[in-house]
1. Among 35, 66, rank each residue by its count of other Cβ atoms within 10 Å, from fewest to most, as a rough exposure measure.
2. Just need the relative contact order of the range 45-104 here, percent rounded to a whole number, with Cα pairs under 8 Å and 6+ apart.
3. Modelling each spin label as a point 7 Å along the Cα-to-Cβ direction, I'd like the residue 102/residue 56 distance in nm, to one decimal.
């Protein structure tokens, strides 16, 4: 019995998981980078983009005052976001929700 085999399988799995995590970060990184560009550092601290599906981006806002401000500037934010976003499908709408930013 070859004792190196279990170690080899473990190493292959570790490498696959690392690759998948890198791919996930790269995909999310483009959206986070474009979001920071579109809203600036101050607004970024009070918001979190959470998904981009079917042409709609969902963004969590810290509270109702941020939600209101973002809603007023939605078209401008969307335009700036799409200038910078390098993903395959650019969003055509943004929906804002109030929620927790803890998992940024």
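Readers should treat all values here as calculations from the given coordinates under stated rules, not as data from a laboratory. Note that the structure is a prediction, hence the values are computed from the model and not measured. No Cβ is skipped: glycine too gets one built from the backbone with ideal geometry, and neighbour counts run over all protein chains shown.
1. So the ranking, lowest neighbour count to highest, is 66, 35.
2. About 47 percent, as a whole number.
3. Taking the two extended label points, one gets 2.6 nm.
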